[in-house]
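The next block holds one structure in the form of structure tokens; read it before the comments.
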Amino acid sequence: MTTANDVLSALQSAFPGAIEEAKVDPERQLWATIKPDRIVDVCKYLRDNHNFDHYSGAAGVDRIDEGLFEVTELLASHGAHQVVALLKVKTPRDNPSVKSLTGLYWNANWYEREIWEMLGINFEGHPELYPLLLSDELMGAWPWRKDYKGYPDYNTAERAIEKVNPEGYTDYSFTPTEAEIKAGTVPFERPKYPTFREREEMEIKGESEMILHMGPQHAVVPGPFLLDILVDGERVKKAFLDVGYIHKGIEKIMENRTYTQGIPITDRLCYMAALTNNEAYCGAVERLLGIEAPERAQYIRMILEELSRIQSHFLGTAEFLTLIASAVYSPFLYMIIDREDVLSCIESVTGARINHSFVRFGGVRNDLPEGFKDMTLDTLKMIRQKTEEYKELFSSDSIYQKRMEGVGVLSPSDARRLGVSGPPLRASDTPFDMRREDPYLLYKDMDFEVITRKEGDSKARVEVRLDEILESCYIIEQCLDQIPSGPIMAEGVPKRIKPEPGEAYYRVEDHRGEMGFFVVSDGSEKPVKVKARGPVYAYFQALPPLLEGVYIADVVAIAGSMDACTSEVDR
Amino acid sequence: MVLSAITEFAAQEPKIYGLIIGLVAAAILASVINVVAMLLVWLERKVMGDFQARYGPNRVGGRWGVLQLGADAVKLFTKEDVIPRGADKPVFVWAPIVAVATTMLVAGALPFGAVIIDGKEIPLVVANMDISAFYIEAALSIMAISAFMAGWSSNNKYSMLGAFRGIARMIAYEVPMGICVISVAIMAHSLNVVEIVQAQSIWFVIAQPIGFVIFAIALITDLGRMPFDQTEAEEEIIAGYNTEYSGIRFGLLYFQEYIVMLLGSILLVHLYLGGWNGPVIPVISFISPMIWFFMKLIIVLVALIWVRVSLPRFRIDQVTDLGWKILLPLSMVNLAWAVVVGLYFA
Amino acid sequence: MGISDVIPLPVAVDKELEKWTIWGRPLTDVWFTTTEKIHEIIDMGPIKNVLNWGRKNSLWFLMQPMGCCGVEMLVFGCPHYDCDRFGIFPRATPRQVDVMIISGYITRKYLPAIKNLWEQIPEPKWVMAIGECAISGGPFYDSYNIVNDTSKFFPIDVFVPGCPPRPEKFIEGFRALQEKIKQREDKRGY
Ligand code: SF4
């Protein structure tokens, strides 16, 4: 088994002098600072020789006191070993530039685009450095830099200028005020690039082709995004994706809040997975603080997270059903009913239906109420039975089979290359589950199976979800059996959270895949940087290549089977 | 006295008399059909609610929510009527009217049950044509044209896709449906719906089970209901051909769907389920055919709603595949069967 | 102008007619009427009550989930909460709806699109702001990308606070809107 120390020593011998500083902390994480000109070589070496085939993201940090930008690349492996390599590259604040990894990892594309538009770090060799989340008028303002003073802007609405365009609709522009121009917080010179519309119109080749806009308001998924498909008749030739319609700047907002105030914000990252987002964030901060939650708290967290996984899978499958059937398709409504039952279990503990803010640094907010065990066991029994029924229904419904079989096939190698995780990856015959891979909480003591399917099509993805519901039921039952009594908060957690300077990365298995939080602290009350690495971001990036050559009706089937959540993509 | 005056007038001016009677009958028919269609929308919402573990409308008009559709109609008919820029205005305006007019064409030839007076069965039909089965079949397919008018004139990509899908589907399914009607006619030795009903001493659903299934599938396709609602698949192409319609025009298109559903089910009942045939109920023998007819009709309607809430949607290529590759050959088999059986029993 | 100017009538009849009224207005006023006048008259009379009864009992809303509140909006249409009871149900195209629900954060990028949607809805129409984000920016009030005062852009009739409001609150919001329509107190005056 490869350990982080092995990788480090191999790196040091292969690239003498390229590694500036390095440490292993905790045992499975390798932190290293690499010379800027060697980063591509190091990553290539790691990918080819040490199985680092999973690029799980990049984070840009503004070290304003040192006059530096840091870009941290997160590399991991799809099950060959459990080491996470966090490779740092430094670049000066004026004229920052880093070598792009898009040549090595296909899915580095979006992560680097995001860092470019938010921080203004140029990526040499990136093929399409276009804005991703921001609207055009904010380009060049680099909102994630620490010296960005244009906002918070309490009256964005007041500055909006309405103009009626030739087509009769209203356009808005947010022109800068005098003061802002003087302060230099708004861009005068925007970077030059073709806009989204121009880029897609360049692709229209023939008379019979047209672009069909699905979105931003469309019945495809909960949440606005723009999916433009270039169609020839009923066939999709190419797909373009524009996200950022609900970009809230969560990562920047969290920099302006104290650590504890950050927890409610993580809820809103992806509203279907509020509890696991809490867990990931709190886990990262716990690592910084060097504390661990007591056993009972860990069990409570596990129970709630699995319950939350059940409700999320129900909703995801239900939404998917509305897409291939319609909103009057009864199983969709039955699933919502089942989900309500699960929600009432969660609600009896956390008091909220969707946004819980329940996990705390070193514990949980409150204990399980009386009668929780019986209530949950009853619900689980019902859920089991219902899920079996759904599985039977879908496997006997020939229209359903016809619609789903062989649609949107992701081969195992493609799925890894595109960087997806969670149920879509497992449906492509890759048993990659953080609960097994990088066990957090007490999952290492639990007996459960990692569900996989061979086919990799939309049907397999839904089946994986339904099977995971059963598996979660099993985990919860074990937890309810074994849960010890004891405190629910760790001893000695300070009221004011002030971690030592340092960085931590903590990853958990979200309902949709690998969710990681990268937190940087400088010893003050507020984090320097919080980076959320979400699974849906990866799905979205993988969506356009999947859609080429399918029918229009399959577009919704594929997009739906991914179980996307726009809010987490946009953040 | 009034009666005698009318008969006198009828004798003197038969043409004008016929015209007046026709207009009155048409007015009665149109209003009855519209009211029944509204009740059908309400029924659908209620029954759908029952299938889905909810109540359906239950606030407007008592605990059954009967007036819900009245409210919907008032709202739709007083809403702003938007004709989008770039739309082909005359076609856009006429499409809903054509749609509703064709349903009235169908209604004119379709018997709505029968009554027994003096031991004689009198079918309730406005125009008792010789070829009514074929005429109804033809008039039903005009609907696809109105849908195409609506979709094409709206200047909207979704609408256009919906319209194309509608035409592709119509071509694939009108043929098997027509063949089924022919098979029925061969067995009944008539193309007149009234005579077809009277010929069913054994219901044709028993005599031609394959034909019944094909006809039912083709009918659902014609109605554009699940699992064949590709023309207005909400999740793919917003609302299909009526995406750009609003207010009263949308109201017409919306009610038209239900009128067609009603008429189509009536046709199904007549062709395969023995229309108003049934044992005479002693005390109320006067309307006993009506009772049988409505019972069958309601069963068919509820079955249609049941199908709608429990099946996912086909993809458009699968729909045309099904039509051309499976239903068409099967309907030919059914035709052969009908010819053999028909000749044998004749 | 009397009626006899248009239709030849005996002067006595004309005099008599001038005394007649319809809902408190002279008949002659109604006789020579314009579209605006018709609207005025409808506004006063019981016809308006009938129209508003229809409108309030048939509020179709635009399916446009935007944030966490969007999930609750979805649930609001499903069993347990079942908005169909009140004649409320979702449609996907803006041309056929009456109510737009702002169910989450409006960003600078999304604002033009959502305004277009609003303009595409035919009259009479209403808009509801659901959730803290739609009211004031909510937890993201200090973001660089969020429009935190939605009421500057939309004539919002009903605000439903909560983060997210429960589906029951959605029903409450719709009931409030219905009451407003019935009392003719909505912002756009229907
Ligand atoms: S109000 Fe709260 S729950 Fe609703 S969209 Fe905003 S953050 Fe999400």
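A compact table of results
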| read-out | value |
| --- | --- |
| So A:I253, is it within 11 Å of another protein chain (Cβ to nearest Cβ), farther than 27 Å from A:W142 by Cβ and of a type in the set (V, I, T) | no |
| Considering residues of region C:105-129 that are away from the ligand (no atom under 16 Å from the Cβ) and assigned to a helix (DSSP H, G or I) only, the residue surrounded by the fewest Cβ atoms within 10 Å (Cβ to Cβ) | C:E119 |
| Which numbered condition C:K187 fails, given (1) within 16 Å of the ligand (Cβ to nearest atom); (2) basic (K, R); (3) within 21 Å of C:Q120 (Cβ to Cβ) | (1) |
| Qualifying residue in region C:86-104 (condition: at pLDDT 85 or above, under 30 Å from B:P84 (Cβ atoms), within 16 Å of the ligand (Cβ to nearest atom) and more than 11 Å from chain A (Cβ to nearest Cβ)) | yes |
| Those residues of region C:60-76 which are among the hydrophobic types (A, V, I, L, M, F, W, C) and within 7 Å of chain A (Cβ to nearest Cβ), in sequence order | C:M63, C:M66, C:C68, C:V71, C:L74, C:V75 |
| Residues that are of a type in the set (D, E, K, R) and either within 16 Å of the ligand (Cβ to nearest atom) or over 20 Å from C:K169 (Cβ atoms) (or both), drawn from region C:41-85 | C:D43, C:K48, C:R55, C:E72 |
| Options A:I337, A:I291, A:I324; residue that is modelled with pLDDT under 85 and either surrounded by fewer than 24 Cβ atoms within 10 Å (Cβ to Cβ) or at the interface with another protein chain (Cβ under 10 Å from one of its Cβ atoms) (or both) | A:I324 |
| Helices (runs of 4 or more DSSP H) wholly inside region A:352-459 containing at least 1 residues that are modelled with pLDDT under 85 and more than 14 Å from every other protein chain (Cβ to nearest Cβ) | A:412-418, A:434-437 |
| Top-ranked residue of region A:255-273 - restricted to ones that are outside any loop (DSSP other than H, G, I, E, B) and within 17 Å of C:Y105 (Cα to Cα), ranked as nearest to the ligand (Cβ to nearest atom) | A:Y271 |
| Enumeration of residues in region A:229-250 that are more than 16 Å from the ligand (Cβ to nearest atom) and either within 11 Å of another protein chain (Cβ to nearest Cβ) or assigned to a loop (DSSP other than H, G, I, E, B) (or both) | A:I229, A:V231, A:G233, A:E234, A:R235, A:D242, A:V243, A:G244 |
| Selection status of B:M226, in contact with a Ser or Thr (Cβ under 9 Å, 6 or more places away or on another chain) and either away from chain C (no Cβ under 14 Å) or farther than 30 Å from B:K75 by Cα (or both) | yes |
| Residue within region A:274-287 that is within 11 Å of chain C (Cβ to nearest Cβ) and part of a helix (DSSP H, G or I) present | yes |
| Residue list for region C:78-92, filter: buried (at least 23 other Cβ atoms within 10 Å of the Cβ) and without any contact (Cβ under 8 Å) to a residue 24 or more places away in the chain | C:C78, C:D82, C:D84 |
| Near pairs, Cβ below 9 angstrom, 6+ apart or cross-chain, from region A:63-81 (under 19 Å from A:T102 (Cβ atoms)) to any residue that is surrounded by fewer than 14 Cβ atoms within 10 Å (Cβ to Cβ) | A:F69/A:P92 |
| Residue among B:M170, B:M104, B:M143, B:M160 that is more than 25 Å from B:A25 (Cβ to Cβ), part of a helix (DSSP H, G or I) and under 17 Å from the mean Cα position of the chain (by Cα) | B:M170 |
| Scope region B:54-83; condition in contact with a Leu (Cβ under 7 Å, 6 or more places away or on another chain) and facing chain C (nearest Cβ under 7 Å); matching residues | B:V60, B:V74, B:T78 |
| Unmet requirement for C:W23, which otherwise passes all of (1) at pLDDT below 80; (2) closer than 30 Å to A:R339 by Cα | (2) |
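Results for (1) away from the ligand (no atom under 13 Å from the Cβ); (2) in contact (Cβ under 8 Å) with a residue 60 or more places away in the chain, shown as yes or no for each residue.
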| site | (1), (2) |
| --- | --- |
| C:G131 | no, yes |
| C:G137 | no, no |
| C:Y144 | yes, no |
| C:F153 | yes, no |
| C:I156 | yes, no |
| C:V160 | no, no |
| C:P164 | no, yes |
| C:P167 | no, yes |
| C:F174 | yes, yes |
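The values are calculated or read from the model by the stated rules, or taken from the named source; none is laboratory data. What you are looking at is a predicted structure, and each value in this text was computed from that prediction instead of being measured. For neighbour counting, all protein chains shown are included, and Cβ atoms are generated from backbone atoms with ideal geometry for every residue, glycine included.
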